[in-house]
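A.B. asks: I have a structure here, written as structure tokens, and I will follow up with some questions on it.
The values are calculated or read from the model by the stated rules, or taken from the named source; none is laboratory data. Just so it is clear, the structure is predicted and the values come from calculations on it, not from any experiment. Cβ atoms come from the backbone with ideal geometry, glycine included; neighbour counts cover every protein chain shown. Ligands, DNA and RNA are excluded from the accessible area calculation, which covers all protein heavy atoms including side chains. Shrake-Rupley method; radii C 1.70, N 1.55, O 1.52, S 1.80 Å.
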Amino acid sequence: MTNKYYTRGDEDADFLPIIPINEQESEQDKALEIPPVLPLLPLRNTVLFPGVVIPITVSRDKSIKAVTDAYKNDKLIGVVTQKDIQVEEPQPSDLNSIGTVAKIIKLMKMPDGGTTIIIQGKKRFQWLNLVSEEPYLKANVQVLPEQEVAEEHQASFEAVISSIKDLATQIIELSPNLPSEASIILKNIENPSFLVNFVSSNLNGEATQKQQLLEQNDPLLRAEKLIELLQLELQFAELKNKVTTKTRTELDKQQREYFLQQQLKSIKDELGGDANEREVAEMKKKAESKKWPEAAKNLFEANIAKLERMHPSTPDYSVVYNHLDVLLDLPWDECTPDTFNLTQALDVLNAEHYGMQKIKERIIEYLAVLKLKGDMKSPILCFVGPPGIGKTSLGKSVANALGRKYARVSLGGLHDESEIRGHRKTYIGAMPGRIVQNIKKAQSSNPVMVLDEIDKIGTDHRGDPSSALLEVLDPEQNKTFYDNYLELEYDLSKVLFIATANSLQSIQPALRDRLEIVDLSGYAIEEKIEIGKRHLIPRQKEAHGIANVKLAISDKVLEKIIEGYTRESGVRELDRQLAALMRKQAKTYAIQGKVKPTIQMADVEKSLGIPRYSADLYKVSSVPGVAVGLAWTYVGGDILFIETALSDGKGDLKLTGNLGNVMKESASTAYTYMQANAKRLGIEPELFAKKTVHVHVPEGATPKDGPSAGITMLTALTSVFTGKKVKSYLAMTGEITLRGQVLPVGGIKEKVLAAKRAGIKEIIMCWQNEKDVLEIDSAYITGITFHYVKTMQQVLDIALA
């Protein structure tokens, strides 16, 4: 039960005092005439009862206009309670139909633009229908007369009123926050109706319960309902009082324990000091020789002083201690010296990774500028390429070449923004973000930090980690990176960040804009042979305990393993096949004590089984209507068939093979172009109306999309309609237009290397893609003839020879 305070009802909850009233006024209100139309004032969580005076803070524009106009006129306004306190702009359906006519005693304008009014309830009323909604709600109202208590129920009513006084007095005595004069006010109220209204208004209950009391016409039933609510509140007050007494007893126990702890502390001091004090002393000694910014030093000194004042058994002690421990462990201004011997750095990169000249040149350029300038902001590099080509391991090689510490942060599947920025230290189990944790682990403020799989960051209700990375990966901002756990800014500008990704499509544009993209293509067969000889075979021999056994694999056999047992841009599958081969050799050596010095192809087939892939599949197009295209996937380049067939029908075009919208549009474009140029292509126009065309791309379980199969589809369609076979050993890639032009496409290096792996001898592509072919090492594409075309007619002249 609340006596002196009550929540305002029009806007957010504030506590405002209830103003005592003269109960005699309720008798005078009986003669008060109420106009038939009243402005309505909706309240959020307050119910006004007749005779009660309360202050209300009004903030809604409509409500301010309503009370201002009412105050200027007869000062009467209809006060109704909202059914749902969350509704900002209540409609008629959101308001209870029964309320209280109130008289505005005083109106005050507040400095914040709101209005505070003091209102006194007069009579209960029911609004019948709205007269207007603008500029505020106005309604036709009907005053509800107060019923008199029947003569036969008078004794019961007096007993109920007496019970209400007793219950309210008990609640006041059990509530230490309620002033003692509240019980005096209750005793001096003689009017039974006003007593019920006064107690109901001060009841510590829900607005819906108070509204039920207001709507009850029968005074006896209203008083009995009030007794039920008062009994519940009395039970709650008794329980609360019991808990308070128990808590006071526990506090006495804590004081006794504190006294004993102080005595124990004195005993420990006599025996040589406390372990916690020794730890604090060690921290202070360590801080004296620490190189760190002034802000970090000041925070440490403030918190260590706080720690000394705290008792070790308090919960906050471990929080402050762990925070200070992290501050001391971080390498604030400690950096490892860079290796400025450019030749040595290049040798390290070449020794650990074969190829990748573009990245190596970029690292050496960075080192050269750093050597000349002495200090520079680190670039934010992003290695993009298919899986298994060594993007992550290249980051470690860069660290070795620069002579820096290496740290790796795996971002794949990361959902929580706190993983980047850290948690507030007050949370249980709080810790710094991954970035600060790895710097602490590396013990250097200028490590090479690899942000692995940056394209696979997730997003959910816990935040967007990729947005948190915007600050980390911006050279203009990361000098003052703020970690929530540290509560300090940390300088990340000296860190060389290297991100890795398989695709740029899923990286948000703002983050991609901060990255210096370095594209990594798949390996050619010749590169894989060198990688296998230099790195994979020695590593697998070492891993299987036969490093000192004389065992060699010729280039020819290694090439057969690559072509027959792997189909990838990287070398992961090749590494697994070589591991399987070495296991067989290790088994033979363990049983027989010797192995053949050179592994032959027969030994490979015995260990790995028959070859899984065959280039012959792609070399020959045995029937008209089949053409070979080149595709790009996130794992590198690939070969795909476009198959077409004719059947009797009505000229329909069927497309199957799990094709995307762009690929379907390419097929429709090719078909329309062929229809428009049928005679020039040697096709009877009548065929289109009599035949149904079916275009299928095998491996239907794999989704396919993109415009680069356009010329392949047109070639296949023209082949099936003319009956001419597509030339063997031929593949093609390019987008087409309705005018028959061939447009350039992307992923050329991956597609060309895939064609080389499959044994393709001729490739047709747009003339504008010639520049992409020139970037490929000519040694890796020997034996392939390139045809650069501008129109579809040129494509068909070459393909359907």
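So that you can scan it fast, the table gives a plain yes or no per residue for (1) in contact with a Pro (Cβ under 9 Å, 6 or more places away or on another chain); (2) among the small types (Gly, Ala, Ser); (3) assigned to a helix (DSSP H, G or I); (4) at negative phi:
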residue: Lys533; (1), (2), (3), (4): no, no, yes, yes
residue: Pro538; (1), (2), (3), (4): no, no, yes, yes
residue: Ser607; (1), (2), (3), (4): no, yes, yes, yes
residue: Ile610; (1), (2), (3), (4): no, no, no, yes
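A.B. asks: Of (1) modelled with pLDDT of 85 or more; (2) surrounded by fewer than 17 Cβ atoms within 10 Å (Cβ to Cβ); (3) more than 27 Å from Asn191 (Cα to Cα), Met110 satisfies all except one. Which?
C.D. replies: Single failed check for Met110: (1).
A.B. asks: So, in region 64-84, of the ones that are assigned to a helix (DSSP H, G or I) and of a type in the set (D, E, K, R), which residue ends up surrounded by the most Cβ atoms within 10 Å (Cβ to Cβ)?
C.D. replies: Lys65
A.B. asks: Also, I was wondering about something else. Filtering region 501-517 down to residues that are hydrophobic (A, V, I, L, M, F, W, C) and closer than 24 Å to Arg567 by Cα, which residue is least open to solvent (accessible area, probe 1.4 Å)?
C.D. replies: Here the residue is Ala501.
A.B. asks: Would you point out which residue out of Lys756, Lys704 is in contact with a Leu (Cβ under 9 Å, 6 or more places away or on another chain), in contact (Cβ under 8 Å) with a residue 24 or more places away in the chain and basic (Lys, Arg)?
C.D. replies: Lys704
A.B. asks: Hey, another quick one. Being among the hydroxyl-bearing types (Ser, Thr, Tyr) and free of Cβ contacts under 8 Å to residues at least 60 places away in the same chain is the filter here; which residues of region 167-192 pass it?
C.D. replies: Matches in region 167-192: Thr169, Ser180, Ser183.
A.B. asks: Further question: State the number of residues belonging to region 690-728 that are touching an Asp or Glu at 6+ places or on another chain (Cβ under 8 Å), within 13 Å of Leu640 (Cα to Cα), open to solvent by 10 Å² or more (accessible area, probe 1.4 Å) and modelled with pLDDT under 90.
C.D. replies: Of the residues in region 690-728, 2 are touching an Asp or Glu at 6+ places or on another chain (Cβ under 8 Å), within 13 Å of Leu640 (Cα to Cα), open to solvent by 10 Å² or more (accessible area, probe 1.4 Å) and modelled with pLDDT under 90.
A.B. asks: When you go through (1) in contact (Cβ under 8 Å) with a residue 60 or more places away in the chain; (2) in contact with a Phe, Trp or Tyr (Cβ under 9 Å, 6 or more places away or on another chain); (3) farther than 22 Å from Gln600 by Cβ one by one for Ile531, which number turns out not to apply?
C.D. replies: (3)
A.B. asks: Moving to a separate point now. Would you check which residues across region 205-243 are open to solvent by less than 90 Å² (accessible area, probe 1.4 Å), touching a residue at least 24 places away in the same chain (Cβ under 8 Å) and farther than 28 Å from Phe194 by Cβ and list them?
C.D. replies: Selection gives Asn241 alone.
A.B. asks: Same structure, new question: Scan region 91-106 for residues that are touching a residue at least 24 places away in the same chain (Cβ under 8 Å), within 14 Å of Leu41 (Cα to Cα) and open to solvent by 20 Å² or more (accessible area, probe 1.4 Å) and report the count.
C.D. replies: Of the residues in that region, 6 qualify.
A.B. asks: Check region 159-168 and report whether any residue there is farther than 30 Å from Ile77 by Cα, of a type in the set (Val, Ile, Thr) and in contact with a Ser or Thr (Cβ under 7 Å, 6 or more places away or on another chain).
C.D. replies: No, that holds for no residue.
A.B. asks: May I ask you to list pairs of residues, at least six apart or on different chains, whose Cβ atoms are under 7 Å apart, with the first in region 148-160 being under 13 Å from Asp218 (Cα atoms) and the second being open to solvent by less than 40 Å² (accessible area, probe 1.4 Å) and not hydrophobic (A, V, I, L, M, F, W, C)?
C.D. replies: From residues that are under 13 Å from Asp218 (Cα atoms), the pairs are Val149/Pro219; Phe157/Pro219.
A.B. asks: Next up: Test Val149 against the stated conditions and say whether it is hydrophobic (A, V, I, L, M, F, W, C) and under 53 Å from the mean Cα position of the chain (by Cα).
C.D. replies: no
A.B. asks: Quick one: Ile56 ticks every box in (1) touching a Lys or Arg at 6+ places or on another chain (Cβ under 7 Å); (2) part of a loop (DSSP other than H, G, I, E, B); (3) modelled with pLDDT of 85 or more bar one, so which box is it?
C.D. replies: Just one mismatch for Ile56, condition (2).
A.B. asks: Among the residues that make up region 560-573, is at least one of them acidic (Asp, Glu), under 30 Å from Ser708 (Cβ atoms) and at pLDDT below 85?
C.D. replies: yes
A.B. asks: Of all residues in region 147-168, which are touching a Pro at 6+ places or on another chain (Cβ under 7 Å), open to solvent by less than 80 Å² (accessible area, probe 1.4 Å) and part of a loop (DSSP other than H, G, I, E, B)?
C.D. replies: Correct list: Val149 only.
A.B. asks: Of these, Val87, Val47, which one is open to solvent by less than 70 Å² (accessible area, probe 1.4 Å), outside any helix (DSSP H, G or I) and free of Cβ contacts under 8 Å to residues at least 40 places away in the same chain?
C.D. replies: Val87
A.B. asks: Among what's in region 479-511 and is touching a residue at least 40 places away in the same chain (Cβ under 8 Å) and in a helix (DSSP H, G or I), pick the residue that is farthest from Lys440 (Cα to Cα).
C.D. replies: Ala510
A.B. asks: Which is of a type outside the set (Val, Ile, Thr), open to solvent by less than 30 Å² (accessible area, probe 1.4 Å) and modelled with pLDDT of 85 or more, of Leu630, Leu655?
C.D. replies: None of the others qualify; the one that does is Leu630.
A.B. asks: Moving on to the next point. Determine if region 431-447 includes at least one residue that is in a helix (DSSP H, G or I), over 25 Å from Lys297 (Cα atoms), open to solvent by less than 50 Å² (accessible area, probe 1.4 Å) and not polar (S, T, N, Q).
C.D. replies: No, that holds for no residue.
A.B. asks: Does Leu451 fit the bill of being touching a helix residue (DSSP H, G or I) at 6+ places or on another chain (Cβ under 9 Å), surrounded by 15 or more Cβ atoms within 10 Å (Cβ to Cβ) and assigned to a loop (DSSP other than H, G, I, E, B)?
C.D. replies: no
A.B. asks: Can you name every residue in region 762-795 that is touching a residue at least 60 places away in the same chain (Cβ under 8 Å), open to solvent by 30 Å² or more (accessible area, probe 1.4 Å) and not in a helix (DSSP H, G or I)?
C.D. replies: Answer for region 762-795, where residues must be touching a residue at least 60 places away in the same chain (Cβ under 8 Å), open to solvent by 30 Å² or more (accessible area, probe 1.4 Å) and not in a helix (DSSP H, G or I): just Asp777.
A.B. asks: While we're looking at this one, here's another question. Can you tell me which of (1) of a type in the set (A, V, I, L, M); (2) surrounded by fewer than 17 Cβ atoms within 10 Å (Cβ to Cβ); (3) not in a helix (DSSP H, G or I) is the one Leu687 doesn't meet?
C.D. replies: (3)
A.B. asks: Scan region 182-196 and tell me whether some residue there is under 18 Å from Leu232 (Cα atoms), open to solvent by 50 Å² or more (accessible area, probe 1.4 Å) and among the β-branched types (Val, Ile, Thr).
C.D. replies: No, that holds for no residue.
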